[in-house]
1. Might you work out the accessible area of residue A:174 for me, using a 1.4 Å probe with all protein chains in place, and round it to the nearest 10 Å²?
2. Grab every C-alpha pair in chain B, bin the distances at 5 angstrom width from 0 up to the longest one, and report whole percents.
3. Out of every Cα-Cα pair in the stretch A:158-219, what percent are more than 13 Å apart?
4. Charges at C-beta only: +1 for Lys and Arg, -1 for Asp and Glu. How large is the resulting dipole of the stretch A:236-311 about its Cα centre, in Debye rounded to 20?
5. What do you reckon, how do A:9, A:38, B:74 stack up by accessible area (1.4 Å probe), largest on top?
6. Enter the mean number of other protein chain beta carbons within 10 Å of the beta carbon of each residue in A:139-146, as an integer.
7. Using only Cα atoms, figure out Rg for chain A and give it as a multiple of 2.2 N^0.38 Å.
8. May I ask you to compute the full-extension gain from residue A:200 to residue A:124, defined as 0.36 nm times their residue separation minus their alpha-carbon distance, rounded to one decimal in nm?
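The values are calculated or read from the model by the stated rules, or taken from the named source; none is laboratory data. None of the values given here were measured: they were computed from a predicted structure. Note that we place each Cβ from the backbone using ideal geometry, even for glycine, and neighbour counts take in every protein chain shown. For the accessible areas, the whole protein counts, side chains as well, though only heavy atoms, and no ligand, DNA or RNA atoms are used. Shrake-Rupley method; radii C 1.70, N 1.55, O 1.52, S 1.80 Å.
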Amino acid sequence: MNNLFVFCEIEDGQVADVSLELLTKGRSLATQLGCKLEAIAIGYKLNDIAQQIIPYGVDVLHIADDKRLVHYLTLPYAAIVNDLFAKEKPQIALMGATSVGRDLGPRVSSALKSGLTADCTSLMIGNHEDKKANKVYENLLYQIRPAFGGNIIATIINPDCRPQMATVREGVMKKEVFNVAYKGEIKNIDVKPILTDADFVVSIIERHIEKRKINIQGSPIVVAGGYGVGSKENFKLLYELADVLGGEVGASRAAVDEGYADHERQIGQTGITVRPKLYIACGISGQIQHRAGMDESAMIISINTDPHAPINAIADYAITGSVSEIIPKMIKAYKKNSK
Amino acid sequence: MSGLKIVVLAKQVPDTRNVGKDAMKADGTVNRAVLEAIFNPEDLNALEQALELKDRVPGTTVTVLTMGPGRAAEIIREGLYRGADNGFLLTDRAFAGSDTLATSYAISKAIEKIGAFDVIIAGRQAIDGDTAQVGPQVAEKLNLPQVTYAEEILNVKGNEITIKRRLERGIEIVKAKMPLVITVTSSAPDCRPRNAKHTMKFKHAKTVSEMQDATEDYLQLYNSRPYLQIPELSVIDVQADLVQLGLTGSPTKVKNIENVVLQAKESMTIGNNDQEIEAMMVELIKNHTIG
Ligand SMILES: Cc1cc2nc3c(=O)[nH]c(=O)nc-3n(C[C@H](O)[C@H](O)[C@H](O)COP(=O)(O)OP(=O)(O)OC[C@H]3O[C@@H](n4cnc5c(N)ncnc54)[C@H](O)[C@@H]3O)c2cc1C
């Protein structure tokens, strides 16, 4: 009872990255709270879905498997989640801030009158003192998100209503298997008594979803490499840093020309334009054609052996040194300090 | 087919896209006074979809519903200038502090009050909160189906409506039955500009509160042309339950707000050693740049 639930989004039998990221975060929050981590998978032919989900440290996996549920539809999915939440009374429920999660989340929160915070960039557990009511709430979910076009960071809480619901965007949190041999319980949901014909008034008549491509523009963090990275081999360090921070890898034209990275990753005048929260320029001199594609980044870190590289003029942090030495230090420092 | 009754939900928002240095007060709160109040961009996309339906289905009426302070009447006038037939301003002190759930409740009560409708169209989200919650929550409160992320209404026939949705990596075409709630994304066509004739016709459209400041001959004008009166709806008018409104009706509370300081770029030089790099990473974690 009163556990932490994660709604798992599934496309073509694959659990979405954002859901795995939420399971990773959910696992650590559940451990902190001393409660169980539970997951919900809704779809069709979900025979091997448990193998994808349980290793993230999931204690109970609820599966609703039915032909009519093959693609996401608001009403039947909401009916199943509402029914489950009414029985299980989760204290926290997390969903991806995707077109599915942002369609389902508000529907469920309205039905349960529970409140929902969209697009959180950070989730933490903490207490809250209500001075007026002279009451202390323990172990609330701090739902932290930017607001006002990113000009303020707000911490939202949900003192009295349950579940405390939040959506989080893909790539904001890291994804990490907890234990490949984790033992979780599977509970199959009987959808027959839950679903009615009226739940299927909206039907999908056509669907064209592209296979996942890299999505550098949608990524809040971009780790970009230039000629100074030196080799395709060294570029692997950039992928490692991007993976740890939950970002994507970009490149300058010189790096693309050298074959260190594919053209689709090129940033700049003749590539793509990005505006991430954080841009880490590794071995990039910062010529105007490159800057045209990244100078609106909210924060820029430059790693360059040349303390006078032009990129340093627009960087918030300029680190003087070689990419191959600095990146491992950053990864180590991040792992030590992130929760 | 006789015409459709469409309600468009529109919000007046501070223009957070062009925030200057003076947007934040010294105490870290938002200085709303310097931010221009605008028609929420995706609500304009929603209005266009409604007006297109009106073009296609003769006899259709488009009603703009706005919740906000008195000055939000501006949004209704803008809707009228562009082709809407009428509008309502949902305004009451009791709404102050409402989160999306309390807001949706108030709006759903107002829609019930306005009466029969076939389609409710809203923008996907408002730029001052980016939550995308009010549309689906209004649908839930009214026990209606919803189609979110709509880009185009392809077809209307009888009570059936076909809609193209724009998702992260593709599109979906869905068939639904009216009545329903639709939320429209920014990839939908832009809203048509003001129409000169409508702008003339509704130039003096005012809410009751605005009229109270008007001069004598204006009052006469409003009596002879009742369409110039923009009705205001209060909590009592829509028979809303006070407990479900404002701060008491809002499960989510703001615990804390931090100002993101947008200072002029001044680079910090970080040395090639563990201590300085670790200090930088800790700072980035603390200010939520990295999670
Ligand atoms: C019409 C036109 C369009 C263009 N469009 C684009 C575009 O879209 N995108 C783009 O990127 N460029 C574009 N360019 C090219 C651009 O002018 C630059 O040539 C290019 O950006 C340089 O890439 P770079 O910074 O990786 O390489 P360089 O300029 O060679 O810089 C390498 C940097 O790495 C540093 N370095 C060397 N070794 C190390 C090390 N071990 N560790 C850390 N740092 C090291 C060096 O100090 C130097 O600053 C365009 C040019 C033209 C003329």
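1. Probe radius 1.4 Å; accessible area of residue A:174 about 60 Å².
2. Spelled out per bin, shortest first, that is 1, 5, 10, 14, 16, 14, 12, 9, 6, 4, 3, 2, 1, 1, 0, 0.
3. Details: 1593 of 1891 pairs.
Tail of the P(r) past 13 Å holds 84 percent of the pairs.
4. Roughly 180 debye for the stretch A:236-311.
5. B:74, A:9, A:38
6. On the way: counts 0, 2, 0, 2, 2, 5, 4, 4.
The per-residue average across the peptide is 2.
7. Normalised by 2.2 N^0.38 Å, the Cα Rg of chain A equals 1.10.
8. 23.6 nm is the gain from fully extending residue A:200 to residue A:124.
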